[in-house]
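Visitor: First the structure, then my questions, so here it is.
Nothing in this text is a laboratory measurement; each read-out follows from the coordinates by a stated rule. Note that the structure is a prediction, hence the values are computed from the model and not measured. Here the Cβ is made from the backbone with ideal geometry for all residues, glycine too, and neighbour counts use every protein chain on show.
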Amino acid sequence: MLQEYLGREGFEVTTSHDGSEALERLTKARLDPPPDLVVLDVMLPGRSGLDVLRALRGSEAPPPVLMLTARGDDVDRIVGLELGADDYLPKPFNPRELVARIRAVLRRASDRSVPREPLLLGSLKLDPARHRATVRGQAVELTGAEFRVLEVLLRAAGRVVSREQLTEQALGRKLELYDRSVDTHVSNLRRKLNLAESDDPQIRGIRGAGYLLTRPGAEGSA
């Protein structure tokens, strides 16, 4: 049903009906050209969608991934985001919303090709053109969504960015009720960046307001 619907929306769609088949086709370059995006259901026979996502994120130049999860299953959603999913959509869903999410993820992915100058704050350097982040000269592997959240915070360094703004600017959609995606991405960024030195900027959570990337040496409130 989704293949037919997405086809009518102008997408060229290839389907796999179990996780093992999907992973084989995606990692052994049997899809030519490679997909611009993968819509990945968590509940798959063979290997689960989370297993497929984990394997994809360990491959070279993985495509953006939109996860489909059972409604209210926060565990699958959070694990999917931690493993590097670019977005998620709970089932059941309106196919029009799926198309909107797909277009938003594809739009963000295409934005990476637009030349942008590197951003530097203390020990943190972000190079949007190369999609590369470094801390004290050491490369840090970030997912596409994590990178965009960090870029929004870095461009607004010293100012509070609301969760609504982060969701719209980094994820390309409106913040929904009970949506904790941005919080999960920020948590992942804190863990991966490990900004613990005196010359490191800090990602601060400002209760009731949003998030703030502090300048090195500046006071911040958690």
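Visitor: Which of ASP76, ASP87, ASP18 moves the most in a Gaussian network model of the chain with Cα springs under 10 Å?
Guide: ASP18
Visitor: In addition: Taking a point 7 angstrom from the Cα of ARG96 along the C-beta vector, which residues in the stretch 168-191 have backbone N less than 18 Å away?
Guide: The answer is 173-174, whose backbone nitrogens lie closer than 18 Å to the label point.
Visitor: With +1 on the Cβ of every Lys and Arg and -1 on the Cβ of every Asp and Glu, and nothing else charged, how large is the dipole of the stretch 119-213 about its Cα centre, in debye rounded to the nearest 20?
Guide: Charge dipole of the stretch 119-213: 20 debye, to the nearest 20.
Visitor: Rounded to whole Å and sorted largest first, what semi-axes of the equivalent ellipsoid does the C-alpha gyration tensor of the chain yield via the square root of 5 times each eigenvalue?
Guide: 32, 19, 16
Visitor: For the stretch 107-183 and the stretch 38-92, compute the distance between their C-alpha centroids and round to whole Å.
Guide: Here the answer is 20 Å between Cα centres.
Visitor: Okay, moving on. Picking from ALA61, ALA209, ALA85, which is most flexible by a Gaussian network model of the chain using Cα springs under 10 Å?
Guide: Top of the fluctuation ranking is ALA61.
Visitor: For the chain, what proportion of DSSP beta bridges, expressed in % and rounded to the nearest 5, is antiparallel?
Guide: Bridges in the chain are about 65 percent antiparallel.
Visitor: Restricting to lysines 8 or more places apart or on different chains, can you count the pairs in the chain with Cα atoms under 29 Å from each other?
Guide: So the count works out to 5.
Visitor: Turning to a different aspect of this structure: Taking chymotrypsin sites (Phe, Trp or Tyr not before Pro) that fall in a DSSP loop and have at most 14 other Cβ atoms within 10 Å as cut points, what is the longest piece of the chain between them?
Guide: In the chain, the maximal stretch lacking such sites is 1-92.
Visitor: For the stretch 1-100, which GluC sites (Glu not before Pro) pass both filters: DSSP loop (anything but H, G, I, E, B) and at most 12 other C-beta atoms within 10 Å?
Guide: Here the sparse-neighbourhood loop sites are GLU12, GLU60.
Visitor: Moving to a separate point now. Using DSSP to call loops (not H, G, I, E or B), can you name the GluC sites (Glu not before Pro) in the stretch 132-198 whose Cβ has at most 10 other Cβ atoms within 10 angstrom?
Guide: GLU176
Visitor: Could you put VAL140, VAL186 in order, starting from the residue whose Cβ has the fewest other Cβ atoms within 10 Å?
Guide: The order, fewest Cβ neighbours first, is VAL140, VAL186.
Visitor: Can I ask one more? Identify which of HIS131, HIS17, HIS185 has the largest mean-square fluctuation in a Gaussian network model of the chain, with springs joining Cα atoms closer than 10 Å.
Guide: Of the options given, HIS17 has the highest mean-square fluctuation.
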